[in-house]
Structures are given as C-alpha cells and as structure tokens.
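The values are calculated or read from the model by the stated rules, or taken from the named source; none is laboratory data. A quick note: this is a predicted structure, and the numbers were derived from the prediction, not measured. All Cβ positions, glycine included, derive from the backbone under ideal geometry; neighbour counts span all protein chains shown.
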C-alpha cells in the first residue's frame, strides 16, 4: 500500500556562512537573501538572523523582483564574519497542472512577442522580463537547436518543458568539480557537466532561446541520507531550479537536476533572471586579503528536529 502524502509539511532550515579573513576588514557592506518567500503554498512560520560581529546598521527591504533582502553595514575592524539564518517553513501540497492542458508552445511565444500597439496585462508584462539574456544566461541558436527536439510543432508548452528537463537530467552529469560560479553556460553545454546552478542556467538558456519566458529559482531541497546513515548537521546545500510562465497556470517549476516538478521538498528563497539576482550573500569589503566562505546548510523535517539537535531550544523559532 502506498504511504499517504501529507498535505502540509514543516521544515527547519539552518544556513551558516563563515568568513575567516587573512587581514582585518575595516569596512564591509553585505546583501543577504536568506528569508524564504511567502507563496500560496509556502509560509514562513519564523525566521531570524544571528550575526557576529554585530553590524553598525541593518535594513530590510523587498527588491524589484519581490525577494526579501537584508543589508548589513560593518564599520569596525574584524577578522571574521559569521551569519546564521534559521527558519521554520510550512509547505502545502501544490496543485500541479496537467502538462497536456497547457497551450501550444508557439502560441505562448507569439503572445509575448513585441508588436506595435500591443498591450500586456501585469502577468504577461512580468513574464516578458524573463525572455532575454542575463549575466549567466545566453540566448543563442545552439541552445534553441538543442531544445527543438523536445518542442514539436503544436506540442503543449509544459509537455515540451518536461521533456527538456528530463533530457538534461539524462545527458548531463552532476559533477561539483567541473564548474564554479564563473563558468559560462556555453562551457557547461560543451562538457555537459556541472551542478544544479549550471543545469538551471542551461535550461533557461534553452527556453529563452526559443522565445519562452523562464526564471531562475533559488532555495533549498530536502536531501535524504544514505540507507543506514544518520542525517548530519551542515550536510545539505542551497539548490536551484527553473520556473516557466504558462498562460492559464502562471509560473510552473521544473527541477532539471532531479527530473521532477518541485512540490513538498523544495523550499523557495527567491527568484530572478539568474543566480546573480538571488545570491544568498554578496557584498564589498575594505581589506580582508584572501578568503573563502565556509557554508553549511541543514534542512530537517519537523519530526526529526529533536533527533538531530537534541533538546535545543530556539527562542522565537518554534513552528507556529
């Protein structure tokens, strides 16, 4: 008998970032995107940041893409920086669309093409912003040619996107040593190796090269330890996938790293044109010398929290 899928699940997320600097940092400004978004299927029950040293100033705002951002300004010398973001997040099962019920992909492309005198409603105008090249996404014939095999004439949009996602999963190899954050998407295509960020950028390049709007989604994924092994603190990572605009259904998520449509195990932090729009932490510093961040992420279901953390008390961070 198949086990029933719960309609609501809760997760605790801990995201630690630590910098150890070779030389003192005299001044630093940081932008943090570590707060989960409020969505019809996702609710942040509690969230907090622990920061050492304490910043001189902090300010929270919502960026132009609707992501929650916190700015930190450090004005005194420091030789290390530690930021811990902790959240309790509740997910509800999504109403995933029937792929075959989506409109033909050419219809979607044509309805978003620029024509003199044509007006767009708010949703379509937003979608048009995700049709173009960005820092990590290219619009090129070679990407359109690769994707064409999955988009036959008259094929429903979401059927084509699903086929493209599964082909990337089948033909590309997950290899953390193959790329870094600066590796161009053309090189990812050439070697067909990379990580979730690379696969998301490649899938976006394919879709936008066909004239279809798609955006980069950043968040977390519940991972499962090997059979017989315990879940470990800090053993997870941030994750990336894509969302495609489909008239009648809105934005629909696809995860090419795992060949599935995100539901109850994907926690959304934010979205943008590519990774540069939703980097968890980025900033500028005066001084510091050589330094690399140490990042540890832990995603744990509510019923495993005390098994992992013992009797830890987290004031203000118990699930609602």
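Filtering 103, 97 for residues that are more than 20 Å from the chain's Cα centre (by Cα), at pLDDT 95 or above and surrounded by fewer than 17 Cβ atoms within 10 Å (Cβ to Cβ) leaves a single hit, 103.
When you look at residue 26, is it surrounded by fewer than 19 Cβ atoms within 10 Å (Cβ to Cβ) and outside any strand (DSSP E or B), yes or no?
no
If you go through segment 154-176 and pick out every residue that is surrounded by fewer than 19 Cβ atoms within 10 Å (Cβ to Cβ), in contact with a strand residue (DSSP E or B) (Cβ under 8 Å, 6 or more places away or on another chain) and closer than 24 Å to residue 249 by Cα, you end up with 2.
For segment 177-196, give me the residue count where each residue is touching a residue at least 60 places away in the same chain (Cβ under 8 Å) and either in a helix (DSSP H, G or I) or surrounded by fewer than 20 Cβ atoms within 10 Å (Cβ to Cβ) (or both). Counting residues in segment 177-196 that are touching a residue at least 60 places away in the same chain (Cβ under 8 Å) and either in a helix (DSSP H, G or I) or surrounded by fewer than 20 Cβ atoms within 10 Å (Cβ to Cβ) (or both) gives 2.
Going through segment 210-237 one residue at a time, which ones are under 30 Å from residue 139 (Cβ atoms) and either more than 15 Å from the chain's Cα centre (by Cα) or crowded, with 20+ Cβ neighbours inside 10 Å (or both)?
Of everything in segment 210-237, those that are under 30 Å from residue 139 (Cβ atoms) and either more than 15 Å from the chain's Cα centre (by Cα) or crowded, with 20+ Cβ neighbours inside 10 Å (or both) turn out to be 210, 211, 212, 213, 214, 215, 216, 217, 218, 219, 220, 221.
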